[in-house]
1. From the backbone phi of segment 68-81, what are the Karplus-calculated ³J(HN,Hα) couplings (6.51 cos²θ - 1.76 cosθ + 1.60, θ = phi - 60°) in whole Hz, Gly and Pro given as x?
2. List, in the order given, every pair from Lys7/Lys28; Lys7/Lys92; Lys7/Lys35 whose Cα-Cα distance in the structure shown is over 32 Å.
3. With angles folded into 0 to 90 degrees, how steeply does helix 84-101 sit against the dominant principal axis of the chain? Use alpha carbons for both and round to 10.
4. In percent, what relative contact order does the chain have, based on Cα pairs under 8 Å that are 6 or more apart in sequence?
5. Under the rule of at least 5 residues apart or a separate chain, name every residue whose amide H is placed under 5 Å from the amide H of Thr9.
6. Tally Lys/Arg at +1 and Asp/Glu at -1 over every other residue whose Cβ is under 15 Å from the Cβ of Lys19; what's the total?
7. So what is the accessible area of the chain per residue, in Å², with the probe set to 1.4 Å?
8. Rg/Rh for segment 30-84: what does it come to with C-alpha atoms and Rh from Kirkwood?
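The values are calculated or read from the model by the stated rules, or taken from the named source; none is laboratory data. All values reported here derive from a predicted model rather than from experimental measurement. All Cβ positions, even for glycine, are placed from backbone atoms using ideal geometry, and neighbour counts span all protein chains on display. Surface areas here come from the heavy atoms of the whole protein model, side chains and all, with no ligands, DNA or RNA. Shrake-Rupley method; radii C 1.70, N 1.55, O 1.52, S 1.80 Å.
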Amino acid sequence: MNRKAMKDTVLSDGTFIPKGSNVAANMKSIHTDPKFYPNPDEFRPWRFSEMRERSAEESLKHQSVNTSAEYLTFGHGRHACPGRFFAVNELKAMMAYLVMNYDIRTDPEGVRPANFYSGLAVIPNPMAQIYFR
């Protein structure tokens, strides 16, 4: 989430942001904060499913398309990505197809390949070996 200050701005904590400055949210520190996500560096594929099972309120809060100050994948507030609903449905359809039609494994088996870092981006390792049958 990058923004350019269009005018001089003073935040509620007194931080001054001059016109023309570029600011960004530190998404990595938020998405790996143990206060929001217990054991954030551990691969837990059912993390959000487990969060939704806590209560009716939590089940709504932790949907893939919802945004919050703790989940910034699609931005937040009035500038949140309007295409997130379409994107999430496409991803779900794609994953359902893969799971239903292929056997998938990594090499070494059962070990998630380490992330790849490029500037501010954290992406799946493009050199990882994944096998489909």
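1. 7, 5, 9, 9, 10, 3, 10, x, 7, x, 5, 9, 4, 4
2. On the way: Lys7/Lys28 27 Å; Lys7/Lys92 40 Å; Lys7/Lys35 34 Å.
Distance filter (> 32 Å) returns Lys7/Lys92; Lys7/Lys35.
3. The angle comes out near 10 degrees.
4. Values: 120 pairs, mean separation 16.9, N = 133.
This gives 13 percent for the chain.
5. Ile17, Lys19
6. Working: positive: Arg3, Lys4, Lys7; negative: Asp8.
Net charge around Lys19: +2.
7. On the way: 10540 Å² over 133 residues.
Each residue of the chain exposes 79 Å² on average to a 1.4 Å probe.
8. Details: Rg = 11.7 Å, Rh = 12.1 Å.
We get a ratio of 0.97 for segment 30-84.
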